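Since the structure comes first, as structure tokens, the remarks are kept for the end.
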Amino acid sequence: MNQYRESARNAQANTVSLPSPQQRSRRWAVAGMAAIVFGAMSITGISHADDGMGGPHHHGMGMHGEMDPAKAEQRINRMIERMVPDATPEQKTKLSGIAKAAMNDIRPLHEKLRAARMESMKILAQPNIDRAALERNRAAATQTADQISKRRTQAIADAADVLTPAQRAKVAERFSHRRGHRE
């Protein structure tokens, strides 16, 4: 009998509490909103993707110009339409404004990261590696990446505030469905 109690106690100690359906729904809603904002902000990444190091879009000119603002707006609007087709015109306008503002705030930070990468390449190309300079550069780049992350998180929260709980749940469902196809 003691053995039975001990095994029951061990089973209880080893059980993992699962999140409630409301917690899971909230997590997916946040993930869905992240998808909207990250998708819209991918415009920044695309418009700043070439750091002058070559690659498939290299034309011997270093950096390319930024994405045309009209194309950027079209891409944001397509992303919003795809992720939240039942959004009201007012919601779509607000979501678009949030994405554009975040994109504009993040664009110069991407430039700082690009400059840090280029500086690291210069340091590493020297005959003697200045480890202290390399570390300072890494620390600055990490700080910039953190600023980008904070701004994206702010945009995600702002976008989530625009939608109703039901819309956020639908976005989360679409996001999880799309993610399932990629994996």
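Here are the numbers for the structure shown:
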| read-out | value |
| --- | --- |
| From 161, 105, residue being assigned to a helix (DSSP H, G or I) and over 17 Å from the mean Cα position of the chain (by Cα) | 161 |
| Flag if residue 157 is loosely packed, with under 11 Cβ neighbours inside 10 Å and closer than 29 Å to residue 81 by Cα | no |
| Residue in the stretch 89-110 that is touching a residue at least 60 places away in the same chain (Cβ under 8 Å) and among the acidic types (Asp, Glu) present | no |
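Here is a yes/no grid of residues against (1) without any contact (Cβ under 8 Å) to a residue 24 or more places away in the chain; (2) out of contact with any helix residue (DSSP H, G or I) (no Cβ under 7 Å at 6 or more places or on another chain); (3) assigned to a helix (DSSP H, G or I); (4) not aliphatic (A, V, I, L, M):
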site: 120; (1), (2), (3), (4): yes, no, yes, yes
site: 124; (1), (2), (3), (4): yes, yes, yes, no
site: 141; (1), (2), (3), (4): no, no, yes, no
site: 168; (1), (2), (3), (4): no, no, yes, yes
site: 171; (1), (2), (3), (4): no, no, yes, no
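All of the numbers you see were taken from the coordinates with simple rules; none came from a lab. Fair warning: this is a prediction, and the values are worked out from it, not measured in the lab. With ideal geometry, Cβ positions are generated from the backbone for all residues, glycine too; neighbour counts draw on all protein chains shown.
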